[in-house]
Amino acid sequence: MSDTTHEEHHDGPHASGMWRWLTTTNHKDIGTLYLVFSLIMFLVGGTMALIIRTELFQPGLQLVDPHFFNQMTTMHALVMIFGALMPAFVGLANWQIPLMVGAPDMALPRMNNWSFWILPPAFLLLLGTLFMPGGAPAGGWTLYPPLILQTGDAFPFVVFSLHMLGASSILGAINIIVTITNMRAPGMGFMKMPLFVWTWLITAYLLIGAMPVLAGAITMLLTDRYFDTSFFLAAGGGDPVMFQHIFWFFGHPEVYILILPAFGIISQVIPTFSRKPLFGYVSMVIATSAIAFLSYVVWAHHMFTVGMPAAGMLFFMITTMFIAVPTGVKIFNWLATMWRGSISFETPMLFAVAFVILFTIGGFSGLMLALVPADIEYHDTYFVVAHFHYVLVPGAIFGVIAGVYYWLPKWTGHMYNETLGKWHFWLSTIFVNILFFPQHFLGLASMPRRIPDYSVQFTEFNMISTVGAFGFGLSQLLFVWMLVKCVKGGEKASTEVWDDPEGLEWTVPSPAPYHTFETAPKV
Amino acid sequence: MADTKSDYFVPHGSPWPIVASVSMFVMALGGALWLNGSDAGRTVLLLGLAGLTFMMFGWLGTVIRENIAGLYSGWVDRSFRQGMAWFIFSEVMFFFGFFGALFYARVLAVPWLGGDGIGEATNSLLWSGFESEWPTNGPGEIGGDAEGGFQTIGWSGLPLLNTALLLTSSVTITIAHHALKNNNRRLLNIGTLLTIVLGAVFLYVQAFEYVHAYQDLDLRLSTGIYGSTFFMLTGFHGAHVTLGVIMLVVTYIRILRGHFTPNEHFGFQAVSWYWHFVDVVWVCLFIFVYVL
């Protein structure tokens, strides 16, 4: 089969069966692919997390050997970051951005297909390493040399897999930026764009800036191991710490790549269910840009214990604390949007409100970690684990879930089951706190992270945490069940779905037709 | 204005991206097998590369046919331009990572090994006697000749010639671009051909320099941090020039076939932007790797 290049417009997909999904250039198809892939990876990464938590239920070695435990911590992170969260956000972007800016499709539809279809083979390579001699990488997702260079046969597979994931992200980000800058309907000025579009524009810019640097860093790892270069070898004049600098120059923008789109989703959901326009739109745009700018000058706060000149630590401490200012602006704007609103608590709103509260907890523990003298105590303890899981699970993942509940009726044409949604919310929110809150105490009591065994005094909090992990994990099965039910049927969704929501996506029928906005809407 | 919604071309399905993904997978698999010492590695790698080449012909051929068929409006053209610009930005950031390594090594890592600032104890306990200098292959004198020594390539010889070559080629491609805009096909033809020749000579000189470094100067990829940064930076640049020359050759063939018009020539412009990008990277290389 060759490209269909004729101009007349089809109403539906150009092909059927598997071939449709392999060759599709439709942003809704590709969005669906991304979201389904992300859900599968979320369950895979979640299973790894449950293996970790099971091992940690009691002190002593119970279930897995320490080397496999280390593989699990490493792979859990890589799968969740590159397989679950990033594809989820790109999937939402694919579905929503053309609908929200009134574009007929993404700007570069073939490349859009390519950026998705790089992911499954890349994860085949990455997950395949679990079955190789020497096992999967076990040196942590940050791939620090010299430890990571001791990986077995898996090493080049991991590096090439990450190269592919980076290429996918860059292509996806280019597509999103060009769609936003070039495909907006007449009248959709930059300062009229919905915030989800704004946050994605800035995220895409971060992706294009950061991912190539990661590609460079892992290329240096590869040549250090196989071609005798000395980038990270002190005897040759290099420095293992240099890897950490290059890695975190990518890694810190990456952290914001994982949260900014969630900020955007929350900024869509809260106004709808508060029945008020978003408070402080302009300040939201400026705050997001400020966070993106600052994200490039804070990286070494991940490395306060490696031995840096004091002036360097001071610089990175101060820039890191600056980030609290624009982030605070956002939190207060969301609160002000809800203030005196006519609020109703449907499932997306519940997740959004939980996001605001629980993300803030993660933000505060981040501020504690930003303090150099304090961080030397907290570094590499469970306090760090608690911190970044608070911003990533009830932060980023709750953001994704809120977005899915919010837009699902538009995608499927059916309302989801509100009772199931509420159960999913309450169980997730209760268990996520049981899971991660005790880890703060463990960390403050100096329990190290990435360790399969621990001293007996940490037992109780670890047991509580593991109970929370299984509760949270099993609650997600409700989410899967809700999704399946909603795709298969349910109460018919109206065009507007919610009570007078703002945005172009609520002007097209539910489910959104295969092709939308072939003629530009008036804004 | 022609830029209204209805004329944005949205293709309906394409087999090429999946061919590209499968080829990438085969390439990565082959590369990894090869690095792990498997005999099949190289073959698999080449198979993937062949797939990727096939994909390029198919995908870009489709795009060119659609372009000639007049399916692309100025609006689509703008998407291509913006996409190319952001792609080049991503390439800039890739080089930025390697330049970052060079600066970090020169300004921080090597002086610390030599006992500067926070490196005082490191130097006296681990690398006593090592003095910070550049170029260096580190306190362990990694690589180099039997005594660990090596020489570097001075900036005033071949690198200066190469700088002149690439800067001239930037001028010739600009001349060709202006000729294209003024519909002067003869000058377009000559300018593009000259750019290709200059690029090819640059690559020849670079290869000559590499052989010289390996055989006579004991300067290799394995020669400590100097060899690492030198060959990775100039090597990746050389790879980009090679890609640029291939793109220019394709462009030249398209020119001979009468493609590109004074108003619509995204393909030419993209290659010309790319060429200016490799030129700018070279100027940075010349200054920071060779001169300073």
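Below, the figures for the structure above:
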item	result
Count of region B:41-77 residues which are touching a residue at least 60 places away in the same chain (Cβ under 8 Å), at the interface with another protein chain (Cβ under 10 Å from one of its Cβ atoms) and out of contact with any Phe, Trp or Tyr (no Cβ under 7 Å at 6 or more places or on another chain)	0
Filter pass, A:VAL404 being out of contact with any Gly (no Cβ under 8 Å at 6 or more places or on another chain), crowded, with 24+ Cβ neighbours inside 10 Å and assigned to a helix (DSSP H, G or I)	yes
Residues of region A:504-523 classified as among the hydrophobic types (A, V, I, L, M, F, W, C) and either under 21 Å from A:PRO277 (Cα atoms) or in a helix (DSSP H, G or I) (or both), total	4
Flag if A:ARG110 is over 25 Å from A:TRP248 (Cα atoms), over 20 Å from the mean Cα position of the chain (by Cα) and within 10 Å of chain B (Cβ to nearest Cβ)	yes
Count - residues of region A:118-134 that are of a type in the set (A, V, I, L, M) and either surrounded by fewer than 20 Cβ atoms within 10 Å (Cβ to Cβ) or free of Cβ contacts under 8 Å to residues at least 12 places away in the same chain (or both)	4
Residues of region A:407-434 satisfying the condition of being closer than 25 Å to A:TRP506 by Cβ, part of a helix (DSSP H, G or I) and hydroxyl-bearing (Ser, Thr, Tyr)	A:THR412, A:THR419
Residue within region A:185-199 that is within 14 Å of chain B (Cβ to nearest Cβ) and in a helix (DSSP H, G or I) present	no
Out of A:PHE89, A:PHE69, sole residue that is under 20 Å from A:VAL385 (Cβ atoms) and more than 14 Å from chain B (Cβ to nearest Cβ)	A:PHE69
Some residue of region A:3-18 being among the hydrophobic types (A, V, I, L, M, F, W, C), outside any helix (DSSP H, G or I), within 14 Å of chain B (Cβ to nearest Cβ) and under 25 Å from B:GLY48 (Cα atoms)	no
Any hit, region B:105-122, residues being among the aromatic types (Phe, Trp, Tyr), crowded, with 19+ Cβ neighbours inside 10 Å and either touching a His at 6+ places or on another chain (Cβ under 9 Å) or within 30 Å of A:TRP299 (Cα to Cα) (or both)	yes
Helices (runs of 4 or more DSSP H) enclosed by region A:45-127 - at least 2 residues per element that are farther than 30 Å from A:GLY189 by Cβ	A:66-78, A:109-117
Listing of helices (runs of 4 or more DSSP H) fully contained in region B:46-128 that carry 2 or more residues being over 24 Å from A:MET106 (Cα atoms) and of a type in the set (Gly, Ala, Ser)	B:74-103, B:120-125
Members of region A:196-244 that are farther than 27 Å from B:ILE118 by Cα, polar (S, T, N, Q) and more than 17 Å from the chain's Cα centre (by Cα)	A:THR219, A:THR223
Of all residues making up region A:218-232, the number that are touching a residue at least 60 places away in the same chain (Cβ under 8 Å) and either facing another protein chain (nearest Cβ under 8 Å) or farther than 13 Å from B:TYR104 by Cα (or both)	7
Inter-residue pairs, beta-carbon under 8 Å, first at positive phi and within 14 Å of chain A (Cβ to nearest Cβ) and in region B:228-251, second surrounded by 19 or more Cβ atoms within 10 Å (Cβ to Cβ) and of a type in the set (Ser, Thr, Tyr), 6+ apart	none
Qualifying residue in region B:78-85 (condition: among the polar types (S, T, N, Q), within 22 Å of the chain's Cα centre (by Cα) and within 9 Å of chain A (Cβ to nearest Cβ))	yes
Failed item in (1) buried (at least 17 other Cβ atoms within 10 Å of the Cβ); (2) hydroxyl-bearing (Ser, Thr, Tyr); (3) touching a Pro at 6+ places or on another chain (Cβ under 6 Å), with A:SER475 passing the rest	(3)
Selected residue [buried (at least 20 other Cβ atoms within 10 Å of the Cβ), touching a residue at least 40 places away in the same chain (Cβ under 8 Å), assigned to a loop (DSSP other than H, G, I, E, B) and not small (Gly, Ala, Ser)] from A:PRO452, A:PRO501	A:PRO452
In region B:201-223, the residues that are small (Gly, Ala, Ser), assigned to a helix (DSSP H, G or I) and either touching a strand residue (DSSP E or B) at 6+ places or on another chain (Cβ under 8 Å) or in contact (Cβ under 8 Å) with a residue 40 or more places away in the chain (or both)	B:ALA213
Tally of residues being within 27 Å of the chain's Cα centre (by Cα), farther than 19 Å from B:ASP218 by Cα and of a type in the set (Val, Ile, Thr) across region B:105-159	1
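Residue-wise test of (1) surrounded by fewer than 24 Cβ atoms within 10 Å (Cβ to Cβ); (2) outside any helix (DSSP H, G or I); (3) more than 11 Å from chain B (Cβ to nearest Cβ); (4) basic (Lys, Arg).
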{"position": "A:ALA136", "(1), (2), (3), (4)": "no, yes, yes, no"}
{"position": "A:GLY140", "(1), (2), (3), (4)": "yes, yes, yes, no"}
{"position": "A:GLY152", "(1), (2), (3), (4)": "yes, yes, no, no"}
{"position": "A:PHE157", "(1), (2), (3), (4)": "no, no, no, no"}
{"position": "A:PHE160", "(1), (2), (3), (4)": "no, no, no, no"}
{"position": "A:HIS163", "(1), (2), (3), (4)": "yes, no, no, no"}
{"position": "A:ILE170", "(1), (2), (3), (4)": "no, no, no, no"}
{"position": "A:ALA173", "(1), (2), (3), (4)": "no, no, no, no"}
{"position": "A:ILE176", "(1), (2), (3), (4)": "no, no, no, no"}
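No lab work stands behind these numbers, since they all come straight from the coordinates. Everything numeric here is computed off the predicted structure, so don't read it as measured data. Cβ coordinates were reconstructed from backbone atoms using ideal geometry, including for glycine residues, and neighbour counts include every protein chain displayed.
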